[in-house]
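Structure, as structure tokens:
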Amino acid sequence: MKQHLFISLRITLALLVITCGIYPAVVWGIGQLAFPHQANGSLITRNGRVIGSELIGQDFTSARYFHSRPSAVNFDPSASGGSNLGPTSRKLAERIAADVHGRHDVPADAVTTSASGVDPHISPANALLQVARVARASGMDENQLRAIVSQHTEERFLGVFGEPRVNVLLLNLALDASHAAIR
């Protein structure tokens with residue numbers, strides 16, 4: 001019996017070292033060598049300061065910027081999650097009706113939250129719906145804004161998976177760069 005107990009303890013310790021030490025260190029090392037930007041959170045810095053991540057949505061409220069989709073967690077990644085309001089929820093239907101204001105051309109992602117509540121992407125239709133507002137507020141030409149949206153539209157992964165999407169933070173940074181170039 002003692003012999004079996006010692007064998008079990010040695011196997012447990014060996015697996016503990018492998019699965020909790022060696023394997024994570026190897027995966028971390030490969031990530032740092034092969035994909036350092038992604039492995040470190042896809043952070044975006046300006047003037048030495050982190051201004052956001054390509055992976056986490058932010059709340060843009062100024063009319064001169066494109067807005068992210070609504071968030072059930074106020075864009076707080078530590079509280080990531082959906083609203084738990086289902087398709088038959090009266091509360092959800094009332095909120096969407098208020099957000100739509102009687103329009104029928106509003107993309108679903110403009111009035112519904114993502115499952116995580118911090119999705120950094122919107123649909124191209126959502127971005128294009130916002131062009132007129134952004135043009136009025138920023139003084140930029142609508143055609144120029146449509147071109148910026150088109151340039152920042154990411155296609156389906158491998159041409160099959162997912163839907164075309166626009167990263168709102170990257171789009172707004174391009175908007176700032178384009179607006180600064182005009183001045």
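Every number in this text was worked out from the coordinates using simple rules, so none of it is lab data. Just so it is clear, the structure is predicted and the values come from calculations on it, not from any experiment. Cβ placement follows ideal geometry from the backbone for every residue including glycine, while neighbour counts extend to all protein chains displayed.
Select from GLN151, GLN130, GLN58 the residue whose mean-square fluctuation is largest in a Gaussian network model of the chain (Cα-Cα springs shorter than 10 Å).
It is GLN151.
Subtract the Cα-Cα distance of VAL106 and VAL27 from 0.36 nm times their separation in residues, and report this length gain in nm to one decimal.
Extra length from VAL106 to VAL27 when fully extended: 24.2 nm.
Nothing charged except the Cβ atoms of Lys and Arg (+1) and of Asp and Glu (-1): what's the magnitude of the dipole of the stretch 102-173 about its Cα centre? Round to the nearest 20 debye.
For this selection, approximately 160 debye.
Which listed residue (PRO87, GLY159, GLY48) has the Cα farthest towards the positive end of the charge dipole for the stretch 42-182, taking +1 on Lys and Arg C-beta and -1 on Asp and Glu C-beta about the Cα centre?
Result: PRO87, furthest along the dipole toward the positive end.
With the chain treated as a Gaussian network of Cα nodes joined by springs under 10 Å, which of ALA14, ALA135, ALA98 yields the largest mean-square fluctuation?
Among ALA14, ALA135, ALA98, the largest mean-square fluctuation in the Gaussian network model of the chain belongs to ALA14.
Any idea which of THR19, HIS121, LEU5 is furthest toward the positive side of the dipole for the stretch 2-135, if Lys and Arg beta-carbons carry +1 and Asp and Glu beta-carbons -1?
LEU5
Amide H neighbours of GLY52 under 5 Å, at least 5 residues apart or on other chains, H built in the peptide plane: list them.
Under 5 Å from the amide H of GLY52 lie the amide H atoms of ILE44, each far enough along the sequence or on another chain.
Which residue fluctuates most in the GNM of the chain (Cα springs below 10 Å): ASP119, ASP141, ASP109?
Greatest mean-square fluctuation among the candidates belongs to ASP141.
Which FRET efficiency, nearest 0.05, do ALA98 and ALA137 yield, Cβ-Cβ r, R0 25 Å?
0.65
Would you mind working out the magnitude of the charge dipole of the chain relative to its Cα centre, with +1 at each Lys and Arg C-beta and -1 at each Asp and Glu C-beta, to the nearest 20 Debye?
Taking the Cα centre of the chain as origin, the dipole is about 380 debye.
Given R₀ = 25 Å, what would the calculated FRET efficiency be for SER89 paired with GLU163, taking r from the Cβ atoms and rounding to 0.05?
0.55
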